[in-house]
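Shown next, in structure tokens, is the structure this report addresses.
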Amino acid sequence: MKKHIYLVMGLFGFAALFTGCGNGNQGKGSSGALNSSNAEKVYVAPGEHDEFYAFMSGGYSGNLTVYGLPSGRMFKEIPVFSQFPTSGYGYSEETKPMLNTSHGFVPWDDSHHPDISQTNGELDGRWIFINGNNTPRIARISLTTFETEEIIEVPNSAGNHSSSFVTENSEYVVAGTRFSVPIPQRDMPIKEYKGNFQGALSFISVDPEHGHMDIKFQIIMPGFNYDLSHPGRGKSHGWFFFTTYNTEEASTLQEVNSSQNDKDFIAAINWKKVEEYVNNGGGTKMAANYAHNVYDESTHTATSTMKKEVLTVNPIDIPGAVFFLPTPKSPHGCDVDPTGQYIIGNGKLSADLTIHSFDNMIAAIEGKKFDGEAYGIPILKFEDVLAGTVKSGGLGPLHTEFDAEGNAYTTFFISSEVVKWKLGTWEVIDRKPTYYSVGHLMIPGGNSRKPFGKYVVALNKITKDRYLPVGPEMEHSAQIYDISGEKMELLYDFPTHGEPHYAAGIPAELLAPKSTKFYKLSDNKHPYATLGAADSKVVRDGKDVHIYMSTIRSHFTPDNIEGVKVGDKVYFHVTNQEQDFDVPHGFAVIGANTSELLVMPGQTKTIIWEPKKVGVWPFYCTDFCSALHQEMQGYIRVSPANSNIDLSWSLGE
Ligand code: RUQ
Ligand code: CUA
């Protein structure tokens, strides 16, 4: 035990060395002032477009941000798991259901790993998935509208971290639990964790046409922590690999107690076998309660449905479906190379990288060469599955990505560097410092069969002196390196929003041409849509007042409304009549307790306003839409609760 404490302390002491003050000089010293050719490599001239899109997870912001590479310019924040005042997402009546869960309305989450849908192991640019880590959920975002279209909650899960990675033809998006829990949840002593808590690995099917998600099955695994995962590809398509830690099943002081075992496991799951088993009627239906939220583009409205059942499977009921590969020192990243042959486990507390061979694994399974079992799951022999070890010389390896030339790039958190090494020979080719404490990294297409190479982006956890200080917290810092040559070259730093845990990059030409410009008004099926100014009206239904409002440059119809009373609940249903690219209108009314709206062309959005004071109150457009934007305004008169003023409104005649 003591030895382990010293090891941990030693590592963090070393970390302090690398992340301590004084690093400013190191930064300037080793990268040098950017030479002009480096500057040219990231310079995208005014009006020119970037070569790649980069989707950065927002971490504790709960969202997803879109950047251009190589410029590092941020284009958009896509709200996913968190309310977003900028557009009214999660505030408007149409989008509130997106944040519904079995715990009620959850307006925030911690988003982690974005992954783009694939066909034949290559990025197809249809959707991007991302996981909510805190209240376990998986979201699907359209890469034509860049809007969140669907969120499914994951029951029996907690700390949804080894997620959301897609199989080679987007058959499944996979979600694994980081924290094991009692399944089903129940009241029990925490110290009875060992042998009683379990970890669910969820396989969520993706409808090939519309992308709709459904939990096909959950594998109920032993009570370890399932940290990260990646699908097999090519020859290993049909398998999925998960790193585990805390195979000790410690429930207290994990920092020490879950670092006891010399090796934890990579769990190898033959999901095709499990799929066959459940298709033949295998598995047990378990009562559950989880939300499935779907946004309908034609009504511009989300609905939330509670699902009541999930299909669970016990891995020991399916011989040949699940195996454990011993992997040193609490592995974090679990990455599979583009050929599908190598499975890389990065032991956080190790200096070396462990690379397993898929062929060796299959041979060992066929030869039944097991080294015991854990809860009935066969453990393969480390030596039998090992393909090689990278003697990196770095400390704290986390994540690995790949280029198209047979090279791998691994981040080292503690020694703050990216190390480039060769698959098959395991030799280190190059290493470059990062500023500082890099977590994930991303190469466009770098976790598919077809990496695009060219750049690697390091997603650093600590920023410190890289930018002008802005108080105690700095935005995280990404760094882009040119990887087209033998040696990596640092090109540029740029800030990212929230804490990017992973990112996904894709050539711009695969997305830009199909990006939605506006929604067709004639396709708008919203029940409160106002399809022309002449349809504008105000309707009272008891204390509810529905305002069917249309907007077009530069007026609201109706613009003046009377007959509303204190105690009413006023619904502003705002339809944007524009049929042109990039002309949203905003809507804000004084004293609104939710937010404003930002309504895209052809769209209808609703906010509720509950006036508490008598008076004449203005509303206006918040988005500077035309030269007469400032004139885009109106008034709503609020009379005492007992007044008998009739509803009336003006249509600008
Ligand atoms: S984690 S810094 Cu959430 Cu992906 Cu490894
Ligand atoms: Cu519409 Cu400003």
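A few notes on this one:
- C-alpha center-to-center spacing [the stretch 502-523, the stretch 130-187] in angstrom: 23 Å
- The local environment of VAL566, defined by Cβ-Cβ distances under 15 Å, has a net charge of +3 under the rule Lys, Arg +1 and Asp, Glu -1.
- Magnitude of the charge dipole, the stretch 521-650, Cβ model with Lys/Arg +1 and Asp/Glu -1, debye to 20: 480 debye
- Linear extension gain, LEU468 paired with THR284, 0.36 nm per residue minus alpha-carbon span: 60.6 nm
- Helical content alone sets the calculated 222 nm signal of the chain at -2500 deg cm²/dmol, taking -39,500 (n - 2.57) per DSSP H segment of four or more residues and averaging over every residue.
- Restricting the stretch 538-628 to trypsin sites (Lys or Arg not before Pro) in coil, as DSSP defines it, with at most 15 other Cβ within 10 Å: LYS543, LYS612, LYS613
- Within the accessible area of the stretch 38-78 (1.4 Å probe), percent carbon and sulfur: 56 percent
- Accessible area of the chain divided out per residue, in Å², using a probe of 1.4 angstrom: 39 Å²
- Couplings 3J(HN,Hα) of the stretch 259-275, computed from phi: 10, 7, 5, 5, 10, 9, 10, 9, 8, 9, 10, 8, 6, 5, 5, 5, 4 Hz, in residue order, whole Hz [Karplus 6.51 cos²θ - 1.76 cosθ + 1.60, θ = phi - 60°; x for Gly and Pro].
- Filtered chymotrypsin sites (Phe, Trp or Tyr not before Pro), the stretch 423-486: DSSP coil and at most 13 other beta carbons within 10 Å: TYR467
- Carbon + sulfur, % of accessible area of the stretch 496-653 - ligands and nucleic acids excluded, 1.4 Å: 53 percent
- Net charge of Cβ neighbours under 14 Å - reference HIS212; Lys, Arg +1; Asp, Glu -1: -4
- Sum of side-chain charges, ASN38 neighbourhood, beta-carbon under 9 Å (Lys, Arg +1; Asp, Glu -1): -2
- Förster radius 30 Å - calculated FRET efficiency between ILE362 and ASN261 (Cβ-Cβ, nearest 0.05): 0.75
- q = 0.22 Å⁻¹: log10 I(q)/I(0) that the Debye formula gives for the stretch 521-650, counting C-alpha atoms only: -1.33
- Stretchable slack from SER643 to ASN593, in nm (0.36 nm times residue separation minus alpha-carbon distance): 15.6 nm
The values are calculated or read from the model by the stated rules, or taken from the named source; none is laboratory data. These numbers come from a predicted model, not from an experiment. Glycine also receives a Cβ, built like all others from the backbone with ideal geometry; neighbour counts cover every protein chain displayed. Remember, those area values only see protein heavy atoms, side chains included, never the ligands or the DNA or RNA. Shrake-Rupley method; radii C 1.70, N 1.55, O 1.52, S 1.80 Å.
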